[in-house]
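Peer 1: Here it is, the structure in full.
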Amino acid sequence: MNMDFSLKKQIFNKLLDSKYKYFTLDLLTAKYYKYDRNLNIFLAFTSSGSVAGWAIWKEIPWLWGIIIIASQLVIVLKPYFPFSKYSKEFSEKYVLLQSLVNELEQFYLKIHLKKITEEQAIEDFFKIKHEIESSLNFSNENDFNVNKRMKKKAEHRMKIYLKTNYNKDLSNYQKISNNE
């Protein structure tokens, strides 16, 4: 079988794009989990620190007052901090995307080893592609931003992934982070 080169390249590029998004979701999940954890640690500290607060109250009353005000504000505003919700949704998407990327990678290997017909490859590719795109639909309330630092980290992971798994260099491919 002589697989159309452009189809094979399209499948490989989809694999790279999906893997990049997988790495990005992993970083986003960790980021929002950390924010949520730190917020809960702060609340736990301030609520259980009331006994210790008496010592601070006597020496530096204004500091303890600021801590109490801050903790009360956080308690009131916590429902508006989306960290827990983001962390949960990103984590779910990450797990699903991990499975789909593994499936796409196995599919690419079958094509590379010529274990699948071109007709079957086209059908399977568009099925997997649709599943990946569907898995990346987020709730309307989930408004998040991927900053330059996070993009660089995801690209670094991509470089390692490509070198380790395919002995290829990322510079041979279009800038992946522009595919978002």
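The values are calculated or read from the model by the stated rules, or taken from the named source; none is laboratory data. Here the structure is a predicted model, which means the values were calculated and not measured. Cβ coordinates were reconstructed from backbone atoms using ideal geometry, including for glycine residues, and neighbour counts include every protein chain displayed.
Peer 1: Hey, any hits in the stretch 13-35 for a residue that's more than 19 Å from Lys151 (Cβ to Cβ), surrounded by fewer than 14 Cβ atoms within 10 Å (Cβ to Cβ) and of a type outside the set (A, V, I, L, M, F, W, C)?
Peer 2: No: the stretch 13-35 contains no residue that is more than 19 Å from Lys151 (Cβ to Cβ), surrounded by fewer than 14 Cβ atoms within 10 Å (Cβ to Cβ) and of a type outside the set (A, V, I, L, M, F, W, C).
Peer 1: Being assigned to a helix (DSSP H, G or I), of a type in the set (D, E, K, R) and modelled with pLDDT under 90, is that true of even one residue in the stretch 57-65?
Peer 2: Checking the stretch 57-65: at least one residue is assigned to a helix (DSSP H, G or I), of a type in the set (D, E, K, R) and modelled with pLDDT under 90.
Peer 1: What single numbered condition from (1) crowded, with 18+ Cβ neighbours inside 10 Å; (2) modelled with pLDDT of 90 or more fails to hold for Thr46?
Peer 2: Answer for Thr46: the failing condition is (2).
Peer 1: Pull up the stretch 95-129, narrow it to residues that are out of contact with any helix residue (DSSP H, G or I) (no Cβ under 9 Å at 6 or more places or on another chain) and basic (Lys, Arg), then point me to the one that is nearest to Lys14 (Cα to Cα).
Peer 2: Lys127
Peer 1: Can you say whether Leu100 is in contact with a Ser or Thr (Cβ under 8 Å, 6 or more places away or on another chain), touching a residue at least 60 places away in the same chain (Cβ under 8 Å) and buried (at least 16 other Cβ atoms within 10 Å of the Cβ), as far as the supplied structure shows?
Peer 2: yes
Peer 1: Continuing with this model, one more query. Which condition does Tyr86 not pass, out of (1) among the aromatic types (Phe, Trp, Tyr); (2) under 16 Å from the mean Cα position of the chain (by Cα); (3) farther than 16 Å from Tyr32 by Cα, if it passes all the others?
Peer 2: (3)
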